Amino acid sequence: MIIIGITGGVGSGKSMVLRYLEREHSAAICKADEVAKLLQQSGQPVFEAMVEHFGLGIVNESGELDREQLRGFVFEDEQEMQFLNSLIHPKVKEYILHEIEQQKNRHTKLFVVEAALLIEENYDAVCDEMWYIHTDESIRRNRLKVSRGYTDSQIDAIIGKQQTESVFRAKCQTTIENGGDFEETKAQIIERIQILERKMEK
Ligand SMILES: CC(C)(COP(=O)(O)OP(=O)(O)OC[C@H]1O[C@@H](n2cnc3c(N)ncnc32)[C@H](O)[C@@H]1O)[C@@H](O)C(=O)NCCC(=O)NCCS
Ligand SMILES: Nc1ncnc2c1ncn2[C@@H]1O[C@H](COP(=O)(O)OP(=O)(O)OP(=O)(O)O)[C@@H](O)[C@H]1O
């Protein structure tokens with residue numbers, strides 16, 4: 001099984017690349033933020049620990065996590081973010097490692113894990129190679145404003161918590177440029193997958 005780690009800054013197009021790999025290259029995919037969301041549901045130990053630390057203000061009327069409230073606590077405060085990360089990330093990794101084992105048992109050929117934080121969490125040790133999805137910041141800002149209604153200050157806060165472009169480039173074996181039409185992105189992916197497949201056949 002080939003394991004690819006997909007990373008890059010907020011709004012760079014990681015999810016879009018992941019969806020394409022699932023649809024067109026039959027990849028089994030895993031999104032770390034979806035795993036984190038599962039673990040943050042009420043009744044889970046992570047949920048209880050978050051409420052104990054941040055208070056009932058982060059619980060909405062349905063008794064679930066109010067993500068916007070929690071966002072207000074952590075993206076502006078390094079210590080609070082570190083606390084949240086230390087609570088969630090080891091459990092996310094445990095879940096993903098288990099998923100990888102299951103996919104190996106099913107003889108899956110291509111497994112792709114996606115997160116903005118793969119480098120911080122040392123997923124390079126787990127992946128055969130890491131891909132950096134690169135899109136210029138100005139394009140990411142425009143896309144995020146249109147698609148998610150993010151404001152510049154929300155985007156600033158998230159970017160401030162993520163790796164710089166030079167770190168992403170240094171730590172990833174492949175950079176996929178996604179600032180243009182997605183057809184151009186696909187062409188780069190196809191080329192890279194072919195190289196990887198030839199490597200794995202040897
Ligand atoms: C603070 C939370 C509740 C805000 O939720 P919300 O739905 O508003 O935003 P969402 O989760 O979609 O995050 C928005 C973007 O912020 C970035 N981001 C999220 N968590 C982090 C983090 N811990 N560090 C740096 N960037 C992050 C990602 O690029 C993400 O796409 C949420 O981001 C969270 O619980 N984060 C901690 C868990 C985590 O690290 N998840 C990401 C991968 S494991
Ligand atoms: N090549 C492209 N051309 C036009 N729009 C794009 C392209 N790639 C991605 N987008 C759009 O940009 C937005 C952000 O993309 P996406 O959600 O895939 O980013 P992401 O890196 O997964 O974000 P996050 O870090 O928040 O998880 C989406 O609305 C997506 O449709």
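Along the axis of the charge dipole computed for the chain (Cβ charges of +1 for Lys and Arg, -1 for Asp and Glu, origin at the Cα centre), the listed residues 30, 85, 119 are led at the positive end by 30. The sum of -39500 (n - 2.57) across all DSSP H runs of n ≥ 4, divided by the residue count of the chain, sets its helix-only mean residue ellipticity at 222 nm to -17500 deg cm²/dmol. Which stretch or stretches of segment 59-91 have amide N atoms under 16 Å from the point lying 7 Å from residue 15's Cα along the Cα→Cβ direction? So the set is 67-68. Here the Karplus relation 6.51 cos²θ - 1.76 cosθ + 1.60, evaluated at θ = phi - 60°, turns the backbone of segment 93-110 into coupling constants of 5, 4, 4, 5, 4, 5, 4, 4, 4, 5, 5, 4, 5, 8, 6, 5, 8, 10 Hz, with x for every Gly and Pro. The label-point distance for residue 142 and residue 66, in a model that sets each label 7 Å from Cα toward Cβ, rounds to 3.6 nm. Taking 76, 61, 120 as the candidate residues, the one with maximal mean-square fluctuation in a Gaussian network model of the chain, Cα springs under 10 Å, is 61.
Convex hull volume of the Cα atoms of the chain, normalised per residue: 132 Å³.
Take every Cα pair under 8 Å whose residues are at least 6 apart in sequence, average their separation, divide by the length of segment 2-201, and the relative contact order is 36 percent.
Name the residues of segment 23-39 whose amide N is less than 14 Å from a point 7 angstrom out from the Cα of residue 95 along the C-beta direction? Residues passing the 14 Å test: 30-39. Each peptide in 179-190, 130-141, 2-13 was scored by the mean count of other Cβ atoms within 10 Å over its residues; highest first, the order is 2-13, 130-141, 179-190.
No value in this document is a laboratory result; all are computed from the given coordinates. Here the structure is a predicted model, which means the values were calculated and not measured. Positions of Cβ are generated from backbone atoms using ideal geometry, with glycine treated the same way; all protein chains shown enter the neighbour counts.
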